[in-house]
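Participant: I'd like to ask you about the structure that follows.
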Amino acid sequence: MSGKTDVLIIGAGAAGLFCAALAGQRGRRVVVLDHANKPGKKILMSGGGRCNFTNYYIEPERYLSHNPHFCKSALSRYTQWDFIELVTKHGIPFHEKKDGQLFCDNKASDILNMLLTECEQGGVDIRMNTQIEAVSHNGAEFSVTTQTGKWNAESLVIATGGPSIPTLGASGFGYEIARQFEHEVYAPRAGLVPFTITDDNKALCSALSGTALPVTVGCNGKFFSDDMLFTHRGLSGPAMLQISSYWREGDFIDIDLLPSVDVAQHLQAQRTERPKVHIQTWLAELTTQKFAEQWLAALNIENRALAEFGGEKAERLIHSLQHWLVRPAGTEGYRTAEVALGGVNTDELSSRTMASKKVPGLYFIGEVVDVTGHLGGFNFQWAWASAAAAAEAI
């Protein structure tokens, strides 16, 4: 199949579908091309299958980019309230989980079906199972050659996402297109991803696999308070995913395992009030039985009564609970990463329209751009906002 259209969008994910719907409803003829067999695969698995589609508290500070100001324009012009209005119009029930995170009550497919319905209303032509072989530009229009034919259009939108979760068909194709048209691409790396541990802490993590604790974690001047999960491979859970975006190889992460407790003060009070209670019982009350056993064993601290516990060992225990310094071996990589950090240099794009400053008619939206949000609906809101910015212009 070949043809001429106004707009070609490569990528049938969140950003691509939303941009297609909005442009189509503006009267533009839009064709979406994607190599996968079904649209919106990442949408369907996001948020544990319930799609954390936005957040009540969208702020530019929740995004990482070499240019922290770039995201402000798009986010201020298509806000979380605009998307919530659309979700409400489609009668999709949703709830706030915590910290402003909005999830579907039912399934993530509600959001995907909404996007497909909006595309239908805009007369969008979505072509799945379409392998792209070449992209070219002759100064006036773009040609996209696929295994089934060639498409031509004045505007080309790259909405291919990043290389995170390759099992869903993710790839670095968008970066290749950017480089082809002489755009700088900041080397991508896995973000919002669990850590792997290979040093002395590995046995401890493995023994505590499945145990979750509320923690505060810090690295490179950033701090997050949320749940941490011990795994057979290392450390996961929302707190670890958040800090992973700020961690670089070789860095330590500093974990407060009891952020709501002044451990030294609490231990001193308990020693006076309950001198006969054993250390393990005291620590289990603050954490879990399994954690208390394994933690004391790892520190080589015998389980004695609080009245008999003090000195260097007490100081070591207190410090280990409030400042557990861990040097991850690495992360689980793109296999489980929710996003890829890095991407197309925003200095070479218009913050108002997402258009290339180098090639007229070329646009980059969503994850392929060097803008990455925190966990909690921020990356979806960037997808919607950047898509809306481009859709107004194409």
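The values are calculated or read from the model by the stated rules, or taken from the named source; none is laboratory data. Since the structure is predicted, the reported quantities are computational estimates derived from the model, not experimental observations. Methodologically, a virtual Cβ is constructed for each residue, glycine included, from the backbone with ideal geometry; neighbour enumeration extends over all protein chains shown. Protein only, heavy atoms only, side chains kept; ligands, DNA and RNA dropped before computing areas. Shrake-Rupley method; radii C 1.70, N 1.55, O 1.52, S 1.80 Å.
Participant: Skipping prolines and chain starts, which residues have an amide H placed within reach, meaning under 5 Å, of the one on THR331, given they are 5 or more residues away or on another chain?
Facilitator: THR196
Participant: Would you check the accessible area of HIS266, probe 1.4 Å, heavy atoms only, in square angstrom rounded to 10?
Facilitator: 60 Å²
Participant: Tell me, how many Å apart are the Cα centres for the stretch 316-394 and for the stretch 4-43?
Facilitator: For the stretch 316-394 versus the stretch 4-43, the Cα centre distance is 20 Å.
Participant: At a Cα cut-off below 17 Å, give the aspartates and glutamates reachable from LYS107, other chains included and same-chain residues fewer than 8 away excluded.
Facilitator: Correct list for LYS107: GLU96.
Participant: Evaluate the charge dipole of the chain about its Cα centre and quote only its size in Debye, nearest 20, assuming +1 on the Cβ of each Lys and Arg and -1 on the Cβ of each Asp and Glu.
Facilitator: 540 debye
Participant: What is the set of long-range amide H partners of GLY234 at a cut-off below 5 Å, with H atoms built 1.01 Å from backbone N?
Facilitator: Correct list: ILE197.
Participant: Let me ask something else about it. Starting from the Cα gyration tensor of the stretch 88-204, take the square roots of the eigenvalues, sort them a ≥ b ≥ c, and report rounded, prolate or oblate (rounded when a/c is under 1.5, otherwise prolate if a/b is larger than b/c, else oblate).
Facilitator: oblate
Participant: Hey, if you put +1 on the Cβ of every Lys and Arg and -1 on every Asp and Glu Cβ in the stretch 209-273, which of ALA239, ALA264, SER209 ends up farthest toward the positive end of that dipole?
Facilitator: SER209
Participant: Restricting to the chain, compute how many DSSP beta bridges are antiparallel as a %, nearest 5.
Facilitator: Bridges in the chain that DSSP calls antiparallel: roughly 70 percent.
Participant: May I ask you to give the solvent-accessible area per residue for the chain, in square angstrom, as obtained with a 1.4 angstrom probe?
Facilitator: 42 Å²
Participant: Ok, one more. Please state the charge dipole magnitude for the stretch 261-394, taken about the Cα centre, from unit charges on C-beta atoms (+1 on K and R, -1 on D and E), reported in debye and rounded to the nearest 20.
Facilitator: For the stretch 261-394, the charge dipole is close to 160 debye.
Participant: With every protein chain in place, what's the accessible area of LYS290 (1.4 Å probe, Å², nearest 10)?
Facilitator: We get 90 Å² for LYS290.
Participant: Do the alpha carbons of any pairs in LYS41/LYS222; LYS97/LYS313; LYS42/LYS290; LYS42/LYS89; LYS38/LYS357; LYS42/LYS150 sit beyond 29 Å of each other, and which pairs?
Facilitator: The answer is LYS41/LYS222; LYS97/LYS313; LYS42/LYS290; LYS38/LYS357.
Participant: Amide H neighbours of VAL32 under 5 Å, at least 5 residues apart or on other chains, H built in the peptide plane: list them.
Facilitator: ILE9, ASP125, ILE126, ARG127
Participant: Just by accessible area at a 1.4 angstrom probe, what is the order of ASP34, ASP254 from largest to smallest?
Facilitator: Per-residue accessible area, sorted high to low, gives ASP254, ASP34.
Participant: With θ taken as phi - 60° and the coefficients 6.51, -1.76 and 1.60, list the Karplus ³J(HN,Hα) couplings across the stretch 234-246 in order, rounded to whole Hz; mark glycine and proline as x.
Facilitator: Calculated HN-Hα couplings, in order: x, 10, 9, x, x, 4, 5, 4, 4, 6, 4, 5, 9 Hz.
Participant: Compute the distance in nm between two label points, each set 7 Å from the Cα along the Cα-to-Cβ direction, one at ASP6 and one at ASN138.
Facilitator: With each label placed 7 Å out from Cα toward Cβ, I get 2.2 nm.
Participant: Also, quick follow-up: By its C-alpha gyration tensor, with a ≥ b ≥ c as the square roots of the eigenvalues, how is the stretch 252-340 shaped: rounded for a/c under 1.5, else prolate for a/b larger than b/c, else oblate?
Facilitator: Cα axes put the stretch 252-340 in the prolate bin.
Participant: Further question on the same structure: Explain nothing, just compute: Karplus ³J(HN,Hα) = 6.51 cos²θ - 1.76 cosθ + 1.60, θ = phi - 60°, for every residue of the stretch 86-100 in order, whole Hz, x for Gly and Pro.
Facilitator: 5, 4, 5, 4, 7, x, 8, x, 9, 8, 8, 7, 6, 6, x
Participant: In the full protein assembly as shown, how much of VAL344 is accessible to a 1.4 Å probe, in Å² to the nearest 10?
Facilitator: Accessible area of VAL344: about 0 Å².
Participant: Where nothing but the Cβ of Lys and Arg (+1) and of Asp and Glu (-1) is charged, how large is the charge dipole of the stretch 252-305 around its Cα centre, in debye to the nearest 20?
Facilitator: The dipole of the stretch 252-305 has a size of about 280 debye.
Participant: Continuing with the same structure: Can you list the HN-Hα couplings for the stretch 257-271, worked out from phi with the Karplus curve (6.51, -1.76, 1.60; θ = phi - 60°), rounded to whole Hz and with x for Gly and Pro?
Facilitator: Each residue of the stretch 257-271 in turn: 7, 9, x, 8, 10, 7, 4, 4, 5, 5, 4, 4, 5, 5, 4 Hz.
Participant: Could you tell me which label, among (1) 136; (2) 124; (3) 191, carries the value of volume of the Cα convex hull per residue in Å³ calculated for this structure?
Facilitator: Recomputing volume of the Cα convex hull per residue in Å³ here picks out (1).
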